[in-house]
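I have placed the structure first, in the form of structure tokens, so that the comments after it can refer back to it.
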Amino acid sequence: MGDLGTDKNPLRVAIVGSGPAGFYAAESLFADAERTVEVDMFDRLPTPFGLVRAGVAPDHPKIKNVIRRYEKTAASEGFRFFGNVEIGRELSVADLERHYNAVVYAYGTATDRKLGIRGEDLRGSHAATEFVNWYNAHPDFADREFDLSVKRAVVIGNGNVAADVARMLALPRAELDITDTADHAIEALAGSGIEEIVVVGRRGPVQAAFTNPEVRELGELTDADIIIDPGEMELDPASREYFDSEDCDPTHRRNVEIFTAFSERTPEGKPKRVVMRFCCSPVEIRGDGKVESLVLGRNELYRDESGAIRARDAGGREVIECGLVLRSIGYRGIGLEGIPFDSGRGLIPNDGGRVIDPESGEQVAGHYAVGWIKRGPSGVIGTNKKDAHETIVNLFEDLAAGAVPERDPVGTPIEEVLAERAADHVTYVGWQAIDRAEVAAGEPHGRPRIKFCRIDEMVEAARSANAVAG
């Protein structure tokens with residue numbers, strides 16, 4: 001027809017996932033004043049905002065202020081939100097193809113990578129994401145149990161999630177009580193018997209993936225000393241060469257400076273300790289039915305053929321008694337039936353966000369990816385803005401070239417399909433009712449909100465505003 005993207009024939013886009021990547025994609029779509037766009041955003045949870053709601057540490061409320069930007073996007077004419085709708089359950093990819101000209105996948109990387117070592121499945125060994133979701137009131141994890149009566153916990157990983165987990169394990173009740181941490185988690189963390197949290201990285205301090213603020217915060221904990229053995233700061237030749245070069249990333253350089261300052265501190269005798277270990281990898285988790293100890297292998301660093309600094313087992317072994325192991329070593333996406341998926345990388349194969357059929361190498365018309373399911377779990381919240389913009393620019397280029405499918409007119413509107421298949425789906429107005437209820441519950445206690453932990457509670461709150469179709 002040639003008029004796709006006009007008032008007469010709006011470009012209809014489905015976005016699967018309502019986290020930062022999804023909202024930045026919607027923002028870029030609406031920013032083009034020359035085209036008329038309608039966006040329907042789907043999420044399997046009744047609540048939007050993805051990891052901003054369920055991943056950001058509760059003691060970092062300022063980071064969540066980015067939600068205000070997403071709320072402006074949600075107020076755009078032509079935007080609709082459908083929560084409590086899972087693609088692959090209530091709707092299929094084929095359903096989306098029938099109703100929309102383009103589908104943008106923004107659903108992230110929901111599963112964790114495993115260590116692949118003996119004893120990993122013992123009770124007391126968990127993915128850090130499970131722990132994060134648990135204390136953030138994610139409804140899928142509200143009933144998880146973590147034994148916090150143990151004296152030592154080990155966190156495997158040197159990224160911001162590992163730092164968040166270590167910090168949450170060390171916070172006193174007074175600091176938890178003023179956050180939106182789930183009530184069940186506050187009670188458990190406040191009664192924790194953990195005295196030491198060991199944070200283990202497979203490479204050295206130069207390669208640690210923490211951002212500078214996350215590192216600094218570990219040294220500012222009210223109830224925990226930060227401990228780094230000065231020997232841990234003796235850089236290997238490859239790391240020293242990189243650190244002394246102009247190529248050294250400023251974040252890495254500053255991290256090393258902060259770590260060095262920590263190693264020179266005298267412990268103050270606080271109730272807890274956060275101990276940082278570098279160049280170590282877990283080799284085995286031991287215990288009789290539950291975690292009792294962790295075997296660490298000592299690593300040496302070397303440059304591979306590409307020049308990257310890698311870790312390899314140097315043969316040394318050390319046994320650390322512990323009762324809790326939380327791994328934070330990366331995440332993987334899950335494929336959806338009807339679109340290509342790279343099971344090796346855990347991503348949707350794409351070229352600049354355009355979904356690609358790996359067998360033919362050709363673009364899958366009308367399908368696009370943004371965020372972690374596009375590029376992998378890297379970067380901070382703001383990284384998704386540029387990433388999403390790239391994808392939407394390519395989508396608009398395809399539109400100009402006539403490469404975005406017109407789609408045949410659909411007799412049954414998507415909202416009627418959802419009324420039949422997902423009677424408890426939640427609109428954006430429904431989410432606003434949930435939001436008001438949570439904030440109101442928190443106000444008497446001086447907390448930003450008290451989150452619902454159950455989907456049925458969320459749906460009921462949304463119903464109270466007559467916002468759930470069905």
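The values are calculated or read from the model by the stated rules, or taken from the named source; none is laboratory data. What you see is a predicted model, and the numbers here were worked out from it, not measured in a lab. All Cβ positions, even for glycine, are placed from backbone atoms using ideal geometry, and neighbour counts span all protein chains on display. Just the protein is used for accessible areas: all its heavy atoms, side chains included, with ligands, DNA and RNA removed. Shrake-Rupley method; radii C 1.70, N 1.55, O 1.52, S 1.80 Å.
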key: Whichever residue in segment 220-246 is open to solvent by 40 Å² or more (accessible area, probe 1.4 Å), closer than 16 Å to residue 257 by Cα and not charged (D, E, K, R) and, among such residues, is modelled with the lowest pLDDT   = 242
remark   = When residue 173 is run through (1) under 28 Å from residue 202 (Cβ atoms); (2) surrounded by fewer than 19 Cβ atoms within 10 Å (Cβ to Cβ); (3) touching a Leu at 6+ places or on another chain (Cβ under 8 Å), the failure sits at (1)
inquiry  = Looking at 121, 112, 140, can you tell me which residue is farther than 21 Å from residue 196 by Cβ, in contact with a Ser or Thr (Cβ under 7 Å, 6 or more places away or on another chain) and of a type outside the set (Gly, Ala, Ser)?
reply    = 112
inquiry  = Every residue in segment 25-35 that is open to solvent by 10 Å² or more (accessible area, probe 1.4 Å) and at pLDDT 95 or above, please.
reply    = 27, 28, 30, 31
ask   = Can you name every residue in segment 233-259 that is touching a helix residue (DSSP H, G or I) at 6+ places or on another chain (Cβ under 7 Å) and in contact (Cβ under 8 Å) with a residue 40 or more places away in the chain?
value = 248, 251, 254, 255, 256, 258, 259
request  = Taking the residues in segment 423-466 that are assigned to a loop (DSSP other than H, G, I, E, B) and either open to solvent by less than 10 Å² (accessible area, probe 1.4 Å) or of a type in the set (Asp, Glu) (or both) as candidates, determine which candidate is farthest from residue 68 (Cα to Cα).
outcome  = 424
key: Filter result (assigned to a helix (DSSP H, G or I) and under 14 Å from residue 149 (Cβ atoms)) within segment 184-196   = 187, 188, 189, 190
query = What are the residues in segment 262-286 that are over 22 Å from residue 169 (Cα atoms) and exposed (fewer than 14 other Cβ atoms within 10 Å of the Cβ), if any?
reply = 264
In segment 1-18, the residues that are open to solvent by 10 Å² or more (accessible area, probe 1.4 Å) and in a loop (DSSP other than H, G, I, E, B) = 1, 2, 3, 4, 6, 7, 8, 9, 10
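The rows are residues; the columns are (1) under 25 Å from residue 6 (Cα atoms); (2) surrounded by 12 or more Cβ atoms within 10 Å (Cβ to Cβ).
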{"site": "373", "(1), (2)": "no, yes"}
{"site": "380", "(1), (2)": "no, no"}
{"site": "389", "(1), (2)": "yes, yes"}
{"site": "394", "(1), (2)": "yes, yes"}
{"site": "397", "(1), (2)": "yes, yes"}
{"site": "404", "(1), (2)": "yes, yes"}
{"site": "407", "(1), (2)": "yes, yes"}
remark   = Going through segment 62-105 in order, the residues found to be among the aliphatic types (A, V, I, L, M), part of a loop (DSSP other than H, G, I, E, B) and open to solvent by 10 Å² or more (accessible area, probe 1.4 Å) are 75
task = Residues being of a type in the set (Asp, Glu) and either under 16 Å from residue 455 (Cα atoms) or at pLDDT below 95 (or both): count how many of those fall in segment 38-52.
result = 1
query = Exactly one of (1) in contact (Cβ under 8 Å) with a residue 60 or more places away in the chain; (2) in contact with a Pro (Cβ under 9 Å, 6 or more places away or on another chain); (3) not hydroxyl-bearing (Ser, Thr, Tyr) is unmet by residue 356. Its number?
reply = (1)
request  = Report yes if residue 199 is at negative phi, open to solvent by less than 30 Å² (accessible area, probe 1.4 Å) and either polar (S, T, N, Q) or part of a loop (DSSP other than H, G, I, E, B) (or both), otherwise no.
outcome  = no
